[in-house]
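The values are calculated or read from the model by the stated rules, or taken from the named source; none is laboratory data. Since we're looking at a predicted model, the values are computed, not measured. Note that we place each Cβ from the backbone using ideal geometry, even for glycine, and neighbour counts take in every protein chain shown. Quick note on the areas: whole protein, heavy atoms, side chains included, nothing else; ligands and nucleic acids left out. Shrake-Rupley method; radii C 1.70, N 1.55, O 1.52, S 1.80 Å.
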Amino acid sequence: MSDTGTTIARDKQNGRFLAGNAGSGGRKPGARNKLGEAFIADLADTWREHGAEALRRCAVEEPAQFCRVIASLMPRDLNINHDVNLDVATFAEKFRNAVELLHQPQPGVRTIEHVPGKRR
């Protein structure tokens, strides 16, 4: 029944609405969003007041619950499938070039030599 005084016809056996009912119109547009927005605002206020300290206390006093909270924030699925095409010959050539550059002194670059066992 709606608060407009009209009755909504239902099937007597299963309680379903009968065809042709206009219904009561349901919830007003945005009503659920307003509730969610208010909750998030209250949550933000509470976090500003107690946030970090509440987490610390939970971690110490109830570590299992703390782990549940962390786990609930983690994504359930990670899609890490990547197509990696690697040309081994090109990689090996670039690696060799890098090693050669590391072993050759570069002009204008000073190096520090390490002498094992010698301390300052």
- Would you pick out the residues in the range 69-93 that are surrounded by fewer than 10 Cβ atoms within 10 Å (Cβ to Cβ), over 30 Å from ALA59 (Cβ atoms) and not β-branched (Val, Ile, Thr)? ASN79, ASN81, HIS82, ASP83, ASN85, LEU86, ASP87, ALA89
- Query: Under 8 Å by Cβ, and 6 or more places apart or on different chains, what pairs join a residue from the range 38-57 that is closer than 15 Å to VAL69 by Cα and assigned to a helix (DSSP H, G or I) with one that is open to solvent by less than 90 Å² (accessible area, probe 1.4 Å) and at pLDDT 90 or above?
  - Reply: LEU55/PHE66
